[in-house]
Amino acid sequence: MKRPEMKTGLTISALAHAGLLLWGLISFNARPLEARPTDSLPVDIISTKEFSELTKGVKNAPKVEESKQLVEKVAEPRTVDDTSAKISEKREVKTAAAEPPLPEPRPAEAKPEKKPPPKTDPIAETLKKEEAKKRAEERAKAKQQKQQQQKPQPKFDPMQIAALLDKRDPQRQAVTGEAVVPMPSLGTSSGSASKISQSELDAMRARLMQLWNPPAGVQNPQELVVRIRIKLGRDGRLAGPPIVLTSGRGTIFETARDNAIRALFRGQPFNMLSPSTYEAWKEIEITFDPRDMYNG
Amino acid sequence: MNPGDVAQAALPLTSSDLSLFALFWQAHWVVKSVMLGLLVASVWVWAIVIDKLMLFGRTRKAMDRFEQAFWSGQSLEELYGSLSSRPVHSMAALFVAAMREWKRSFESKSRTFAGLQTRIEKVMDVTIAREIERLERRLLVLATVGSAGPFIGLFGTVWGIMTSFQSIAASKNTSLAVVAPGIAEALFATAIGLIAAIPATIFYNKFVSEVNKQAQRLEGFADEFAAILSRQIDERA
């Protein structure tokens, strides 16, 4: 039984629902959430190598994207700590190098005296001698004067050298590197990322072991272990005499040591070391151990 | 082939369209039927609510009008004459029923007063019961929708999430873009259930109290009128 009032209620309700649904169809569409960009911490997994590369730079430089080290001159890479000091064009003076005194100007007067005296008339001789002596003296004097005028004698006062070095303090040498970088980035000057790889090291060791012939049949092979520090140049050649760090006694050890040094000389250039990591192998220590050799 | 393409290929149904209609249309048929049923329930609930609001307002007004007429000093015979000609409700119906019984007893030749009091009270009780039944009718629908609606919606949601998890398992992809549409459409069922149930519960409570109020008013009037008639009977006897 449908009453008229129920009909009105039903129609009103149905109309209201239809209207609501229509409104929902129009308005209820999924808006993509407009999430504010979160302050996320970008986490990068980096190796220590990359980290040291990151820190490579100059302490008081503005922050820039890439890590760059200040380089003012193209030369063998060398860094300085205080980049704010003035650049000095003078070469760095080393007190050790200044120690050997420069040769004194040779005394010129000794020369004429050595002349053998001719055996003739004594008076004339003496006259001649005196004259000659005078002339020689004059000549010597003139020579000395000339020499003194030409080359002022440098003074070798260690205190003065120290003072000179002290004066150089606020200055510095130009920062050198592979390429000139006028705009360095923030970081530490010693943040060198170059690292010698194990394969490079192994290749070098293999080459040296091939060349090294230690005395065979030794009772105590551990006594033949030779550790040598070498300085290498950019081209992989020895930049200085190898320094033997281990000491031993006996001809057998000496043979082994000399063999090791010889192997180092014969093995160069060590071009298995890549020049990009030169900083890492600029100065390395190598251990020559006969046990390693026989173990293979 | 990038992962997005894989997801698109595995779940052709999930599109970025998340409008209300799309939510309904992409759902499983069980969820769809749940949604439709809940929509119909909601329509019916609101129809009842509107109907009852109108009915209660009308009844209250009619009662006020009748009480005013009843206590205005108008002759009860005249009042009865004006009311009995047309179908009336609530208090007027009570009055008409009692008066009819009264008149019937008086107009008959036998003039039996012995059981008249009881008969009038019985007639009025029956009328009150009928009136209350009229007021209460369909309120049970509201109660049912109010209590069962959330459960029905929840059933739809559970079913939807079940199927969406199945599709996730089939697509072997757990990215939110794959999971979200199925769960959204499933939750839509619960939303409809709640939309239907909340007003149903609120209005059910309101209407039950309203019915109680009107029933008390009717009972009060019935007692008063019974007292008046009882006095009349004692005077005439």
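Brief remarks follow.
- Filtering segment B:63-77 to residues that are at pLDDT 85 or above and part of a helix (DSSP H, G or I) leaves B:Met63, B:Asp64, B:Arg65, B:Phe66, B:Glu67, B:Gln68, B:Ala69, B:Phe70.
- Set B:Glu224, B:Glu210: member being surrounded by 15 or more Cβ atoms within 10 Å (Cβ to Cβ) and of a type in the set (D, E, K, R): B:Glu210
- Flag if B:Ala41 is in a loop (DSSP other than H, G, I, E, B), surrounded by 18 or more Cβ atoms within 10 Å (Cβ to Cβ) and small (Gly, Ala, Ser): no
- The sole residue among B:Ala129, B:Ala114 that is part of a loop (DSSP other than H, G, I, E, B) and under 30 Å from B:Ala222 (Cβ atoms) is B:Ala114.
- Flag set for B:Gly37, criterion: at pLDDT 90 or above and within 19 Å of A:Leu20 (Cα to Cα).
- Within the option set B:Val49, B:Val88, being of a type in the set (A, V, I, L, M), assigned to a loop (DSSP other than H, G, I, E, B) and either within 32 Å of the chain's Cα centre (by Cα) or crowded, with 16+ Cβ neighbours inside 10 Å (or both) holds for one residue only, B:Val88.
- Evaluation of A:Leu22 against (1) at pLDDT below 85; (2) more than 9 Å from every other protein chain (Cβ to nearest Cβ) (one fails), failing number: (1)
The values are calculated or read from the model by the stated rules, or taken from the named source; none is laboratory data. If you're wondering where the values come from, they're calculated on a predicted model, not measured in any experiment. For neighbour counting, all protein chains shown are included, and Cβ atoms are generated from backbone atoms with ideal geometry for every residue, glycine included.
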